[in-house]
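Novice: Below: one structure in structure tokens.
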Amino acid sequence: MFSIDRESIIDTLERVLKREKEEHQEISMEHKKELDNRLESYKNNPNDVLDWKDRVKLDFSTTPSGVPLKG
């Protein structure tokens with residue numbers, strides 16, 4: 001006879017529902033505009049990028065407001 005593991009079915013259904021919910025989430029207009037601006041900027045100048053190491057140095061060499069840290 002064929003037996004079904006109840007937990008397995010529940011886990012599978014939860015995964016499917018979570019995936020469905022994530023697929024249909026919308027982003028705010030503010031976030032959409034920011035993403036569109038970044039994409040357009042990249043399309044216009046794909047070589048204008050920062051290396052990861054340079055980005056980390058930049059992040060840790062200034063305050064959040066952009067003021068250089070004394071080192």
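Every read-out reported here was derived from the displayed coordinates using simple, explicitly stated rules and does not represent laboratory data. Fair warning: this is a prediction, and the values are worked out from it, not measured in the lab. Note: ideal-geometry Cβ built from the backbone for every residue, glycine included; neighbour counts use all protein chains shown.
Novice: Net charge around Q25, counting only other residues with Cβ within less than 12 Å of its Cβ (Lys, Arg = +1; Asp, Glu = -1)?
Specialist: -1
Novice: Determine ³J(HN,Hα), in whole Hz, for all residues of segment 43-48 in sequence, where each value follows from phi through the Karplus function 6.51 cos²θ - 1.76 cosθ + 1.60 and θ = phi - 60°; x replaces Gly and Pro.
Specialist: 4, 6, 8, x, 8, 8
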